[in-house]
Amino acid sequence: MPIREGPADLGNADAVKLRRELGKELRQTRAALGLSQRAVARLAIVSPSRLGRIERAETIEPSIVVMCRAARVLGLEAAIKLYPSGTPLRDAPSLRLAERFKALVAPPVRVRGETPLPARDDLRAWDGMVVDDENAAFTEYESRFGDLQALTRRIALKLRDDPRAGAVIVVVARTRHNLRVLAEQREAMREQFPLDGAAIARELRAGRVPKHSGIIVL
């Protein structure tokens, strides 16, 4: 059975890949311009030996400042971006929210924990899943609403790539902030999440998984 790597292992692998790619690009660009390491190092205010280690990805933690200076010397501009990939560490409020949601469920509905997407190379996961003998729905726990457009887009993309269920239940903590955001934005989310909390709770307490997506505040 393959071992699922943790976030620290994946982060280390990302760092190794990034060091190699950036070092290679610096080296190839410098060579294409016919510049020596010494000449580039002098303008980047770094020793030639250190620049060489960066180019060969031999420095475990290369200075971003030095890499950016060397890039500018070569007519390049460094840009490092972060992209959503995988599931962030759940905070304590989200875990408590999951427990409150679980208390609504009656047999034969069963609650599952974090559920990875089925593609082997996809690091994303649902916060949870509820299943009965016929239906299934994914769950996402939101202790505090942030960018609602980003939330709905993230859920839509995961639904596109995971055919196991057609519904998502967004479980939201009952806070003043979240209630205010919902009061302002609920109808704009109605098409994607038609069910309200009362309907979701009624289905779960009856031992049925809701067939449509919705939002419940707990």
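The values are calculated or read from the model by the stated rules, or taken from the named source; none is laboratory data. Since the structure is predicted, the reported quantities are computational estimates derived from the model, not experimental observations. Neighbour counts are summed over all protein chains in view; Cβ atoms, including those assigned to glycine, are modelled from backbone coordinates with ideal geometry.
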Task: Qualifying residues in the range 161-188 (those that are in contact (Cβ under 8 Å) with a residue 24 or more places away in the chain and basic (Lys, Arg)) - the one nearest to ALA119 (Cα to Cα) - done: ARG164
TODO: Check whether at least one residue in the range 24-35 is charged (D, E, K, R), part of a loop (DSSP other than H, G, I, E, B) and under 30 Å from ARG120 (Cα atoms), and report yes or no.
DONE: no
TODO: Using the structure shown, decide if VAL109 is at pLDDT 90 or above, surrounded by 18 or more Cβ atoms within 10 Å (Cβ to Cβ) and under 30 Å from ARG144 (Cα atoms).
DONE: yes
TODO: Could you tell me which of the residues ALA183, ALA188, ALA173 is in the same structural domain as HIS212 (by TED's automatic domain parsing), at pLDDT 90 or above and in contact with a helix residue (DSSP H, G or I) (Cβ under 7 Å, 6 or more places away or on another chain)?
DONE: ALA173
Task: Unique match (being at positive phi and either within 32 Å of the chain's Cα centre (by Cα) or assigned by TED's automatic domain parsing to the domain that holds ARG124 (or both)) among ALA71, ALA8, ALA57 - done: ALA57
Open item on the list: Considering only residues that are within 18 Å of ALA78 (Cβ to Cβ) and hydroxyl-bearing (Ser, Thr, Tyr), which ones fall in the range 13-58?
Closed with: THR29
TODO: Among the residues of the range 135-160, count how many are in contact (Cβ under 8 Å) with a residue 24 or more places away in the chain and not in a helix (DSSP H, G or I).
DONE: 11
- [ ] Given the conditions (1) more than 30 Å from SER143 (Cα to Cα); (2) not in a helix (DSSP H, G or I), report the number of the one that ARG72 does not fulfil.
- [x] (2)
- [ ] Evaluate the range 111-124: report whether one residue or more is out of contact with any strand residue (DSSP E or B) (no Cβ under 7 Å at 6 or more places or on another chain) and without any contact (Cβ under 8 Å) to a residue 12 or more places away in the chain.
- [x] yes
Open item on the list: Could you tell me how many of the residues in the range 56-68 are over 16 Å from GLN28 (Cα atoms) and part of a helix (DSSP H, G or I)?
Closed with: 3
Task: Within the range 119-134, considering residues that are assigned to a loop (DSSP other than H, G, I, E, B) and not acidic (Asp, Glu), the one nearest to GLY214 (Cα to Cα) - done: ARG124
